[in-house]
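S.K.: Structure incoming, see below.
Derivation of every value follows stated rules applied to the coordinates shown; laboratory data play no part. Fair warning: this is a prediction, and the values are worked out from it, not measured in the lab. Don't worry about glycine lacking a Cβ; one is built from the backbone with ideal geometry, like all the others, and counts go over all protein chains shown.
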């Protein structure tokens, strides 16, 4: 398992993108339609909070402490890692799911404090529409 990125879940995607890109000078790619940006050199992603909520489901959405960030780990095989972690007693919020619009296969679980962790595997070329 390799650390991939910290994903900040933001309420104001356009303003956040402008802040990180124009004010802080981070470079990377973004897709305005999906409200997603990735600053590869910084291992930092921005994603509209409203778009992540349905993926994690009502159990997480109901929490007053719905996360503002997600730890993302890139793995060679999401299903294999999920199986291994389930054998160790980890409960998953979402099981492996292809997210073609994200270009990835993902699964989510929480650490003991409720921090969301995403297992991630690219499944196609990165979406470049709307980049830079």
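S.K.: Could you line up 124, 7, 51, 105 from fewest to most neighbouring Cβ atoms inside 10 Å?
M.R.: Final ranking by Cβ density, sparse to dense: 124, 51, 105, 7.
S.K.: How much length would be gained if the chain were fully extended between residue 86 and residue 51, taking 0.36 nm per residue of separation minus their Cα-Cα distance, in nm to one decimal?
M.R.: Full extension from residue 86 to residue 51 adds 10.0 nm.
S.K.: Here's a follow-up. Compute the length gained on full extension between residue 99 and residue 11: take 0.36 nm times their separation in residues and subtract their Cα-Cα distance, giving the result in nm to one decimal.
M.R.: 29.6 nm
S.K.: Can you sort 75, 116 from fewest to most other Cβ atoms within 10 Å of each residue's own Cβ? Intermediate values should be presented prior to the final figure.
M.R.: Details: 75 18, 116 22.
By the 10 Å Cβ count, ascending, the order reads 75, 116.
S.K.: For residue 71 and residue 41, compute 0.36 nm times the residue count separating them, minus their Cα-Cα distance, and round to one decimal in nm.
M.R.: 9.2 nm
S.K.: At each listed q (0.09 Å⁻¹), what is the log10 of I(q)/I(0) that the Debye formula gives for region 2-122 modelled as equal alpha-carbon point scatterers?
M.R.: Debye intensities relative to I(0), on a log10 scale: -0.24.
S.K.: For 82, 55, what's the fewest-to-most ordering of other Cβ within 10 Å of each Cβ? Mind showing how you got there, number by number?
M.R.: Values: 82 20, 55 17.
Ranked by crowding around the Cβ, least crowded first: 55, 82.
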